[in-house]
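The values are calculated or read from the model by the stated rules, or taken from the named source; none is laboratory data. What you see is a predicted model; the values in this text were computed from it and never measured. All Cβ positions, glycine included, derive from the backbone under ideal geometry; neighbour counts span all protein chains shown. For accessibility, only protein heavy atoms count, side chains too; no ligands or nucleic acids. Shrake-Rupley method; radii C 1.70, N 1.55, O 1.52, S 1.80 Å.
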Amino acid sequence: MLIRLLGDSLRRRTRRAAVAILAISVGTALAAALLGISLDITEKMAREMRSYGANILATPDSGDVQLEVGGITIRPPAARGGIDETQLVKLKTIFWRNNVVGFAPFLSAIVEVRDQQVALTGTWFDRTLTLPAGASVRTGADTREKAASTSTFRTGVRVIAPWWQVEGKWANDEDPGAAMVGSALARRLGLRVGDAFTAHYAGRPLALRAVGLVSTGGYEDEQIFVGLTTAQGLLGLSRGADKVLVSALVEPDDRLRPDLRGRDPAQMTPEQYATWYCSPIMGAIVTQVKEVLPNADVRPIRQIAEAEGGFLSKVGLLMTLLTATALAASALAVMTAMTASVLERRTEIGLMKAIGADAGQIALVFLSEAGLMGLVGGLLGYVAGLALAAFVGQQVFAAAVSPPPAVLPVSIALALGVALAGSALPVRQAVRLDPVSLLRGR
Amino acid sequence: MMSAVVRAEGLTKRYNGRVHALAGVDLTVARGEWLGVMGPSGSGKTTLLNLIGCLDRPSAGRLLIAGDDVTTLSQAELVRFRRNHIGLIFQQFHLIPYLTALENVMLAQYFHSLADEAEARVALERVGLGERLHHLPAQLSGGEQQRVCIARALINQPSLILADEPTGNLDQANEERVMDLLRELHAAGHALIVVTHDPAIGDLADRLIYLDHGRVVREQGLRPLAGGALVR
Ligand SMILES: Nc1ncnc2c1ncn2[C@@H]1O[C@H](COP(=O)(O)OP(=O)(O)OP(=O)(O)O)[C@@H](O)[C@H]1O
Ligand SMILES: [Mg+2]
């Protein structure tokens, strides 16, 4: 019976229902797009931000001109390998050693593979380092102690860049022939997991095997990664790296004691300096990293990430506001449609009441009408939202969007919410209509 | 004495505190009785029916229907009460235009409890519309529409049927038809209160009251009630 009432009502008010459904769709589409994008793209973008995991960059401290292109540091051959990777274990002796999540050295070269110039980077994929007992560790600005026991820890790309998506396997650091190839590059070179290939550097061949393909959505997709020793061998170095990325847990500067904020550590009293040194803030940790890597230029790269993060959250806020506005507008449109429907049907409502409908039954008639519109609008909006998300993804973020399945129920729920919220007032109006005056035709 | 379906004492309805649509009506309707209500336009006939039909609340006075004091009922209780005890027939038919005759009858069942198509069909056959079940109100004549209303009014077995000028918009032939149906309802034991301008219909009642300016100005017993119970 209810279905019959609904069907007729919608059929006779097709245009108005269509407008309400359209309004709901638009609101839901925006919401679905926002959800899809924020759940998917921002994550991708965050991944793309190359310094996301790592927030401290160490490069050899040389006056040489250096150039970073696509994440590779290009420098004159003589300056190659300016950072001694064997010293990196000392990062686990600094005062905030427990905040050092991981680090990895990088050594890059341009090689030729299948007649194409490609970047090859040696790094640590997954290494376990050992800090021997008796090593000197910091306990304060001027104090040290001997480590009581031997400790081991894992580090490498796998630790600082856990978002690498690998098809196949991670390369083993000990395997000189194992390479991980960026997915885009692999596609261009026609390489698949397990394929063997040869890289040429300065006329010397290097036999490699693609054990895994890497996708990050970033420049890694265009590179070949090998073990650091392999890259060193190719460049004729016995040790050394061009750059080290460190991932450290850092707290915002406002966690610093108020009187120390924004001050130059060089101008502080010894007591103030000791406090500053022992705060887990970027400046103190960078200083401590510099202490163990004296030949390196150490700087935070967090700023970039933070700026981009800020941008993302601003975009998110904007889209949220936009969506909220669109949803509110849809609710208003639903309200207009439902109010018109209630007005138009007031004799009918009076009659229903006279023949025994109670408030709940009257409300049910209109709420189910609204619910139906919400459902249809929600489905349409979801579909449109996916399209919108894909479009925005391409145009704005240059990435494909694959929103998680949870977006569908959330969209439908939002649409229903909008439809029901928009109906609340008109339904109240319908429930309160007085059957007597309606039946008298007043 | 037989229990009364309706017992009104000093029933009063004021609109805007000034207009006395009803001014202290005392009234009893026995079970199965047919009461005719006549009076000039504006005398309060519809107002009286609306009060008895629990569509509206009196400004003063007591109103007992089937033994229950409806003036003390909440809005929700009134609805439930109306559903169970009262069937309404209007002058302007008042059918839902986009539902068929059958569905219009079933709607009353649906609000009451459960829609039962077979039962609704029987009710329409009873008013002679067995062939017009699936017609929309617009496809039915005025008389036929009014018969749908009658079928709808009796579908939930109310003890009391209220009709406000049920033949006011009908021609002679249809009026006859509707009067026959009212007679059948009466014979089947429903109490009827029928408001009318038409003395011919008034004469069908067991008892007639005349309203003027919201008061009962005259009362006329036309025939003794079945079972011999006399109305005061
Ligand atoms: N909602 C209202 N507000 C104010 N006055 C009203 C209202 N409803 C009815 N009245 C007044 O109450 C009085 C009785 O009206 P009612 O409709 O009961 O008359 P009636 O006897 O049914 O008349 P008719 O024969 O024309 O149908 C009239 O004077 C009418 O104007
Ligand atoms: Mg009237």
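Within 10 Å of each Cβ in peptide B:89-95, how many partner chain Cβ atoms are there on average? Round it to a whole number, please.
3
Roughly what angle does helix B:101-112 make with the longest principal axis of chain B, taking Cα atoms, 0 to 90 degrees, to the nearest 10?
50
Cα extents of the range B:31-167 along the three principal axes, largest first, in whole Å?
46, 36, 27
Find which of B:Gly130, A:Gly283, A:Ala148 sits farthest along the positive direction of the dipole of the protein assembly as shown, computed with +1 on the beta-carbon of Lys and Arg, -1 on that of Asp and Glu, about the Cα centre.
So the residue we want is A:Gly283.
Give the average, rounded to an integer, of partner chain Cβ atoms located within 10 angstrom of each Cβ in A:354-365.
Mean shielding count: 6.
As I understand it, the value is the acute angle between the Cα axis of helix B:142-154 and the longest principal axis of the Cα atoms of chain B; what does it come to in degrees, rounded to 10?
70
Between B:His135 and B:Ala188, what is the label-to-label distance in nm when each label sits 7 Å out along the Cα-to-Cβ direction?
2.0
Rounded to a whole number, what % of the accessible area of the range A:55-300 do carbon and sulfur atoms account for, probe 1.4 Å? All intermediate terms of the calculation are to be shown ahead of the outcome.
Values: 5600 of 11130 Å².
Answer for the range A:55-300: carbon and sulfur cover 50 percent of the accessible area.
Rounded to the nearest 0.05, what FRET efficiency do A:Ser136 and B:Glu117 have when you use their Cβ-Cβ distance and R0 = 60 Å?
The calculated FRET efficiency here is 0.05.
Could you pull the accessible area for A:Lys290 with a 1.4 Å probe, rounded to 10 Å²?
Near enough 90 Å² of accessible area.
Taking N as the number of residues in chain A, what is its Cα Rg relative to 2.2 N^0.38 Å?
Rounded to two decimals, the normalised Rg is 1.42.
For the Cα atoms of chain B, what angle does the longest principal axis make with the long axis of helix B:75-85, in degrees from 0 to 90, nearest 10?
It is inclined by approximately 70 degrees.
Which whole number gives the average, over all residues in B:150-159, of C-beta atoms from other chains lying within 10 Å of the residue C-beta?
Mean shielding count: 1.
Of A:Lys169/A:Lys290; A:Lys290/A:Lys314; A:Lys243/A:Lys314; A:Lys90/A:Lys146, which pairs sit farther than 24 Å apart, going by alpha carbon to alpha carbon?
The answer is A:Lys169/A:Lys290; A:Lys290/A:Lys314; A:Lys243/A:Lys314.
At 222 nm, what value in deg cm²/dmol follows for the protein assembly as shown if DSSP H runs of at least 4 each add -39500 (n - 2.57) and the sum is divided by all its residues, to the nearest 500?
-13000 deg cm²/dmol
Express the relative contact order of chain A as a whole percentage, based on alpha carbon pairs under 8 Å and six or more residues apart in sequence.
Values: 814 pairs, mean separation 121.1, N = 442.
It rounds to 27 percent for chain A.
Given the Cα-Cα distance of A:Leu2 and A:Thr269 and 0.36 nm per residue of separation, how much length would full extension add, in nm? Intermediate results must be reported in sequence, preceding the final value.
Working: separation 267, 0.36 × 267 = 96.12 nm, distance 8.06 nm.
Net length gain for the segment: 88.1 nm.
Of all the Cα-Cα pairs you can form in the range A:55-300, what percent are over 24 Å apart?
For the range A:55-300, the fraction of Cα-Cα distances above 24 Å is 50 percent.
Assigning unit charges at the beta carbon (Lys, Arg +1; Asp, Glu -1) and nothing else, what dipole magnitude in debye, to the nearest 20, does the protein assembly as shown show about its Cα centre?
So the magnitude is around 600 debye.
Considering only DSSP beta bridges where both residues belong to the protein assembly as shown, give the percentage that are antiparallel (nearest 5).
Of the beta bridges lying entirely in the protein assembly as shown, close to 70 percent run antiparallel.
Which lysines have a Cα lying under 23 Å from the Cα of A:Lys353, excluding residues fewer than 8 positions away in the same chain?
Reachable lysines: B:Lys13, B:Lys45.
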